[in-house]
């Protein structure tokens with residue numbers, strides 16, 4: 001079994017060899033390492049994508065907008081630009097990329113952005129979805145193929161930090177937790193920290 | 001209380017290669033912190049299945065509570081023409097792996113099929129560090145021969161060599177399938193950097209002693225004697241090291257910062273001691289006196305190193321005179337006075353030697369620093385791309401003052417390039433104008449790329465955010481990252497040109513090796529050197545009662 005360190009180093013070197021700059025290659029190394037750590041197919045997708053672009057290097061993306069269209073979008077340039085600009089992009093609530101190759105490769109950069117912003121982010125393409133949890137985990141749904149060579153549309157949605165439970169459920173649980181507390185007697189109150197002093201001094 | 005308001009030393013002064021290449025072992029060194037941490041662990045030689053020639057398998061371990069680390073050793077016959085310390089070698093006298101836990105028989109069989117192959121073998125997440133070593137044939141054979149006829153070996157010869165085996169690489173952190181650091185980093189006993197590499201080397205040293213005793217006994221069962229403990233203690237384990245280490249300190253900027261920062265913080269705290277007590281003064285003096293036997297037996301054919309050793313020796317004489325006649329013992333802030341005198345009167349080699357010595361009396365200052373010498377590097381990887389171009393300009397101007405003054409239009413400033421060799425995937429340096437391959441240069445020309453970045457940044461729109469700047473300058477992304485790191489970690493960068501014509505690569509090796517705790521730096525060229533580790537260290541059965549100043553116990 002390859003270690004994550006080997007995955008990082010080899011992905012970085014291969015990406016440089018395929019024409020990315022060293023700084024971008026460093027990002028790719030960490031990204032593929034994270035995908036594999038989360039149990040997603042990083043190496044397979046990177047390998048195929050680097051083969052695809054070996055002869056013609058993909059175009060870089062300019063500033064990311066709410067809708068991003070091109071003949072073919074590179075998941076790596078899109079992912080890194082998204083990560084770099086995530087603090088400005090957050091206000092857009094949702095973003096779309098069209099005609100993206102190997103969409104799995106955008107996932108780790110968005111996951112990192114989720115950590116940077118402290119917000120969950122949802123990515124959807126075809127029937128597949130990924131919920132980014134602050135780069136601590138990625139929950140995936142309907143990942144029936146390890147490799148998708150291209151998708152017409154990727155949607156990315158910034159999720160507000162909301163509870164997954166109702167106020168009623170919280171109150172019920174809290175009430176139960178109160179059963180670990182001790183009722184203070186008058187005697188205890190008179191001896192507790194801060195007792196006997198006026199705070200109006 | 002620091003009434004003098006002593007500051008940390010300026011990174012622009014300390015991070016020059018000539019200064020970093022003058023660093024010496026100290027109380028912060030990893031060999032010494034390993035022994036302090038593991039001295040109360042239980043040492044055991046679990047198995048020792050060697051034949052009469054000393055070939056076979058042995059297992060050693062350290063254990064405490066539920067934790068166990070096992071060194072598995074494989075010794076084999078190799079022909080003299082197969083023995084090479086170079087990384088291109090494919091066979092070694094012995095190969096070693098540190099296994100996490102107690103290895104099963106299946107583990108031993110698996111490891112036996114892989115560990116002797118080193119880089120072309122595979123190990124697993126159950127293994128932590130990997131290494132190999134070759135005999136110093138003249139020392140090894142002499143010791144075996146002497147012991148087998150009932151005599152102790154010639155101390156003079158052993159003093160000259162200093163060890164029975166030389167390791168030629170020690171790998172860790174995920175290489176060749178080894179466990180990734182994240183799996184084990186939360187174990188308190190390995191908070192200090194390279195602790196498991198240090199453990200491996202320490203146990204290898206013991207294996208070398210057991211092996212000579214074993215062979216001598218087989219050779220002459222009636223007359224053979226065991227290697228005297230005093231002689232064994234005075235032997236370390238050698239290491240031949242090449243350029244593999246040099247890129248490490250460039251590629252791990254936050255780790256480099258933490259090492260240097262701890263050294264600088266220790267010095268600052270020591271200089272800030274208002275009243276130096278006589279006991280601490282005597283510890284300093286005692287270590288200084290004892291350390292000289294190691295300096296006097298420091299032998300090398302390297303002209304470069306001999307100049308440094310001679311400078312150290314003559315400056316130490318100067319320092320002794322100062323300490324005896326001029327130093328105002330009893331004065332407040334004595335160490336600060338000593339340091340200031342040293343910085344004005346001694347060359348780098350001796351100044352940094354005195355800095356190391358000043359740490360000796362102060363367990364209370366050093367010990368809390370040890371746990372801060374590792375780094376969670378990934379936390380600082382992401383570029384804060386929301387910041388402004390003007391922020392980056394200020395960072396560059398504040399932290400790369402001398403680098404942005406280098407003229408990279410000069411041929412000499414671009415003289416070298418770093419690359420990874422195809423045959424062993426090892427870093428190398430070569431002349432850009434003489435050798436092929438510069439187009440595959442590694443991103444280690446930090447000074448040149450920082451200068452390029454600065455030239456672009458001063459022309460860029462200052463109110464733009466970095467994310468925007470990077471869209472059209474991704475060739476400089478690697479140094480943009482570094483610049484934001486140095487903003488938080490001022491000692492993270494070598495303040496020199498690592499591709500210039502005057503580069504002495506072994507300065508980079510020496511920096512790292514001094515933090516390991518290596519002594520007797522013996523450059524064999526400007527690109528590789530030999531060192532000694534654990535010379536004077538307690539033997540495993542002596543660890544529990546050992547004193548941290550063992551490094552000064554050598555008797556040569």
Which residues, taken from the range B:473-497, are farther than 21 Å from residue B:409 by Cα and either part of a helix (DSSP H, G or I) or within 14 Å of chain A (Cβ to nearest Cβ) (or both)?
B:474, B:477, B:478, B:480, B:481, B:482, B:483, B:484, B:485, B:486, B:487, B:488
Within the range B:121-140, track down each residue that is away from chain A (no Cβ under 14 Å), assigned to a strand (DSSP E or B) and over 18 Å from the mean Cα position of the chain (by Cα).
B:134, B:135
Flagged in the range B:86-117 as in a helix (DSSP H, G or I) and surrounded by fewer than 23 Cβ atoms within 10 Å (Cβ to Cβ), in numbering order, are B:105, B:106, B:107, B:108, B:109, B:110, B:112, B:113, B:114, B:116, B:117
Taking the range B:158-178 and keeping residues in a loop (DSSP other than H, G, I, E, B), in contact with a strand residue (DSSP E or B) (Cβ under 8 Å, 6 or more places away or on another chain) and facing chain A (nearest Cβ under 7 Å) leaves B:178
Contacts under 7 angstrom Cβ, first residue in the range A:73-85 being facing chain B (nearest Cβ under 7 Å), partner part of a helix (DSSP H, G or I), 6 or more apart:
A:81/B:471; A:84/B:467; A:84/B:470; A:85/B:467
Return a yes/no flag: does the range B:194-202 have any residue that is on the phi > 0 side of the Ramachandran plot and within 14 Å of another protein chain (Cβ to nearest Cβ).
no
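Within the range B:186-197, which residues are assigned to a helix (DSSP H, G or I) and farther than 14 Å from residue B:173 by Cβ?
Initially, the range B:186-197 is screened for residues assigned to a helix (DSSP H, G or I), giving B:188-190, B:195-197.
Those that are assigned to a helix (DSSP H, G or I) and farther than 14 Å from residue B:173 by Cβ: B:188, B:189.
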Return the only residue of B:201, B:143 being in contact with a strand residue (DSSP E or B) (Cβ under 8 Å, 6 or more places away or on another chain) and either more than 28 Å from residue B:65 (Cβ to Cβ) or assigned to a strand (DSSP E or B) (or both).
B:143
Can you tell me which of B:460, B:467, B:445 is at negative phi, in contact (Cβ under 8 Å) with a residue 12 or more places away in the chain and under 29 Å from the mean Cα position of the chain (by Cα)?
B:445
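Per-residue answers, yes or no, for (1) within 30 Å of residue A:85 (Cα to Cα); (2) touching a strand residue (DSSP E or B) at 6+ places or on another chain (Cβ under 9 Å):
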residue: B:451; (1), (2): yes, no
residue: B:456; (1), (2): yes, no
residue: B:461; (1), (2): yes, no
residue: B:473; (1), (2): yes, no
residue: B:477; (1), (2): yes, no
residue: B:484; (1), (2): yes, no
residue: B:495; (1), (2): no, no
residue: B:514; (1), (2): no, yes
Residue B:439 vs. criteria farther than 26 Å from residue A:85 by Cα, in the same structural domain as residue B:384 (by TED's automatic domain parsing) and free of Cβ contacts under 8 Å to residues at least 12 places away in the same chain:
yes
Go through (1) over 30 Å from residue B:123 (Cα atoms); (2) free of Cβ contacts under 8 Å to residues at least 24 places away in the same chain and name the single condition residue B:186 misses.
(1)
Going through the range B:57-85 in order, the residues found to be under 27 Å from the mean Cα position of the chain (by Cα) and part of a loop (DSSP other than H, G, I, E, B) are B:83, B:84, B:85
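The values are calculated or read from the model by the stated rules, or taken from the named source; none is laboratory data. None of the values given here were measured: they were computed from a predicted structure. So basically every Cβ, Gly included, is an ideal-geometry build from the backbone, and we count neighbours across all protein chains shown.
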